[in-house]
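The values are calculated or read from the model by the stated rules, or taken from the named source; none is laboratory data. These numbers were taken from a predicted model, which means no experiment stands behind them. In this analysis, Cβ positions are derived from the backbone assuming ideal geometry, glycine residues included, and neighbour counts consider all displayed protein chains. These area figures cover heavy atoms from the full protein model, side chains too; ligands, DNA and RNA do not enter into them. Shrake-Rupley method; radii C 1.70, N 1.55, O 1.52, S 1.80 Å.
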Number of protein chains: 2
Amino acid sequence: EYFSETRPITPKQLVVTNLHFFFHDTLTAPNPSAILIAKPTHTRGDNDSSPSPFGSLFALDDPLTVGPDPKSEKIGNARGMYVSSGKHVPTLTMYVDFGFTSGKFNGSSIAVFSRNTITEKEREVAVVGGRGRFRMARGVAQLNTYYVNLTNGDAIVEYNVTLYHY
Amino acid sequence: EYFSETRPITPKQLVVTNLHFFFHDTLTAPNPSAILIAKPTHTRGDNDSSPSPFGSLFALDDPLTVGPDPKSEKIGNARGMYVSSGKHVPTLTMYVDFGFTSGKFNGSSIAVFSRNTITEKEREVAVVGGRGRFRMARGVAQLNTYYVNLTNGDAIVEYNVTLYHY
């Protein structure tokens with residue numbers, strides 16, 4: 001059989017960890033970290049002139065650093081996709097795994113699947129899972145736009161994450 | 001460092017909330033709320049003549065209302081993607097954030113990442129996360145097709161959601 005017995009189990013002690021880092025999303029040349037996968041032939045949304053009209057789907061491999069300066073220490077990368085998901089308002093839905101490459105949580109990652117209301121300077125996204133030391137993690141990330149270029153879409157976003165895990 | 005101490009924590013009291021609304025997915029002109037992002041050049045699935053052959057990927061910004069009438073009170077929007085994920089049967093896998101824009105849960109949202117067996121009149125999808133008052137939410141949505149046009153794909157679906165959160 002592909003399944004075992006289902007057995008009772010007592011959950012381990014729940015713990016909480018906070019993470020703080022900066023996310024760099026660069027769409028522009030010479031070194032974009034987010035690139036367009038595909039977009040609808042003609043989007044009927046209003047924001048057609050925006051860098052990411054309704055239905056634009058991007059792949060991203062965005063660096064995560066300790067400070068807002070892109071040259072500050074790199075501690076991980078955010079890999080996955082986001083789609084522009086508002087017909088009349090610039091907003092994203094994110095499907096991104098944030099992986100850490102230094103210190104205590106090197107090799108661990110958290111999964112963000114959530115709308116991201118980028119027109120609000122401060123907003124929240126949902127953390128729905130994790131790997132490694134962040135197995136079974138759930139939580140919330142408070143986002144604060146540090147820098148954004150509304151014409152080309154480049155942005156630096158501060159993340160304050162509260163993670164509940166085991 | 002980008003991480004804090006990891007500390008034990010006692011989980012808050014779990015609560016349950018039920019939501020009931022109607023989801024309007026319109027593919028047809030003049031005012032589609034779901035649009036094709038991309039699809040495979042030639043789908044080898046059987047349902048090539050369907051509005052969404054295997055591998056068709058859609059972006060959606062679908063209105064949520066209190067009643068089945070699209071003109072009934074709007075209480076939110078469903079923003080994200082779904083892909084036609086059955087080679088020989090019309091079925092979807094959903095990556096959609098359902099956000100609420102009125103009443104007690106204005107500004108909160110829930111994340112649905114799940115297969116959606118649309119050929120069954122009644123079926124269930126998984127809720128894997130949430131934001132705002134629905135932080136850490138998990139649960140299930142019972143779906144009931146109120147109306148569907150099998151040729152053009154337009155549909156109205158009743159959602160009865162049971163949410164466990166904190």
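Kindly indicate which of A:Pro51, A:Pro30 is of a type outside the set (D, E, K, R), buried (at least 17 other Cβ atoms within 10 Å of the Cβ), more than 7 Å from chain B (Cβ to nearest Cβ) and more than 30 Å from A:Leu163 (Cα to Cα). Quick ask: steps written out before the conclusion?
Numbers: A:Pro30 fails: buried (at least 17 other Cβ atoms within 10 Å of the Cβ).
One residue alone meets the criteria, A:Pro51.
Go through the stretch B:103-123 and count every residue that is modelled with pLDDT under 95 and facing chain A (nearest Cβ under 8 Å).
Total meeting the criteria: 0.
Name the single residue that is farthest from B:Arg133 (Cα to Cα) among those in the stretch A:140-166 being of a type in the set (Ser, Thr, Tyr) and within 12 Å of another protein chain (Cβ to nearest Cβ). I'd like the intermediate steps shown before the answer.
Applying the first criterion (of a type in the set (Ser, Thr, Tyr)) to the stretch A:140-166 yields A:145-147, A:151, A:159, A:162, A:164, A:166.
Filter again for within 12 Å of another protein chain (Cβ to nearest Cβ), leaving A:159, A:162, A:164, A:166.
Numbers: A:Tyr159: 19, A:Thr162: 15, A:Tyr164: 16, A:Tyr166: 23 Å.
So the residue we want is A:Tyr166.
In the stretch A:3-26, what count of residues is obtained for those that are surrounded by 13 or more Cβ atoms within 10 Å (Cβ to Cβ) and either free of Cβ contacts under 8 Å to residues at least 24 places away in the same chain or in contact with a Ser or Thr (Cβ under 6 Å, 6 or more places away or on another chain) (or both)? Please lay out each step first, then the result.
At the first step, the residues of the stretch A:3-26 found to be surrounded by 13 or more Cβ atoms within 10 Å (Cβ to Cβ) are A:14-26.
Those left that are additionally either free of Cβ contacts under 8 Å to residues at least 24 places away in the same chain or in contact with a Ser or Thr (Cβ under 6 Å, 6 or more places away or on another chain) (or both): A:15, A:17-18, A:22, A:26.
Qualifying residue count for the region: 5.
Determine whether A:Thr65 is more than 9 Å from every other protein chain (Cβ to nearest Cβ), modelled with pLDDT of 95 or more and touching a strand residue (DSSP E or B) at 6+ places or on another chain (Cβ under 9 Å). Explain how you work it out, then say what you get.
Values: more than 9 Å from every other protein chain (Cβ to nearest Cβ): no; modelled with pLDDT of 95 or more: yes; touching a strand residue (DSSP E or B) at 6+ places or on another chain (Cβ under 9 Å): yes.
It is false that A:Thr65 is more than 9 Å from every other protein chain (Cβ to nearest Cβ), modelled with pLDDT of 95 or more and touching a strand residue (DSSP E or B) at 6+ places or on another chain (Cβ under 9 Å).
Identify the residue in the stretch A:129-139 that is within 11 Å of chain B (Cβ to nearest Cβ) and surrounded by fewer than 22 Cβ atoms within 10 Å (Cβ to Cβ) and, among all such residues, is nearest to A:Gly86 (Cα to Cα). Steps first, please.
Of the residues in the stretch A:129-139, the ones within 11 Å of chain B (Cβ to nearest Cβ) are A:129, A:133-134, A:137-139.
After this cut, where a residue has to be surrounded by fewer than 22 Cβ atoms within 10 Å (Cβ to Cβ) as well, the list is A:129, A:133.
On the way: A:Gly129: 25, A:Arg133: 34 Å.
Among those residues, the one meeting the criterion is A:Gly129.
List the number of the failed condition for A:Met136; all other conditions in (1) in a strand (DSSP E or B); (2) in contact with a Phe, Trp or Tyr (Cβ under 9 Å, 6 or more places away or on another chain); (3) under 22 Å from B:Thr10 (Cβ atoms) hold.
Looking at each condition in turn, A:Met136 falls short on (1).
Keeping to the stretch B:33-54, report how many residues are part of a loop (DSSP other than H, G, I, E, B) and either over 25 Å from A:Leu36 (Cα atoms) or modelled with pLDDT of 95 or more (or both). Full working, then the answer.
Restricting attention to the stretch B:33-54, the residues satisfying the condition of being part of a loop (DSSP other than H, G, I, E, B) are B:33, B:39-54.
From what's left, either over 25 Å from A:Leu36 (Cα atoms) or modelled with pLDDT of 95 or more (or both): B:33, B:44-50.
Of the residues in that region, 8 qualify.
Before we move on, is A:Thr151 buried (at least 22 other Cβ atoms within 10 Å of the Cβ) and of a type outside the set (Gly, Ala, Ser)? Spell out how you get there, then give the answer.
Values: buried (at least 22 other Cβ atoms within 10 Å of the Cβ): no; of a type outside the set (Gly, Ala, Ser): yes.
Criteria not met by A:Thr151.
When residues of the stretch B:87-118 are filtered for being open to solvent by less than 30 Å² (accessible area, probe 1.4 Å) and either at positive phi or assigned to a strand (DSSP E or B) (or both), how many remain?
14
Considering only residues that are open to solvent by 40 Å² or more (accessible area, probe 1.4 Å) and without any contact (Cβ under 8 Å) to a residue 60 or more places away in the chain, look in the stretch B:68-84 and name the one that is nearest to the other protein chains (Cβ to nearest Cβ).
Ranking the candidates gives B:Lys74 first.
Can you say whether A:Ala126 is more than 9 Å from chain B (Cβ to nearest Cβ), of a type in the set (A, V, I, L, M, F, W, C) and not in a helix (DSSP H, G or I), as far as the supplied structure shows?
Working: more than 9 Å from chain B (Cβ to nearest Cβ): no; of a type in the set (A, V, I, L, M, F, W, C): yes; not in a helix (DSSP H, G or I): yes.
So A:Ala126 does not fit the description; no.
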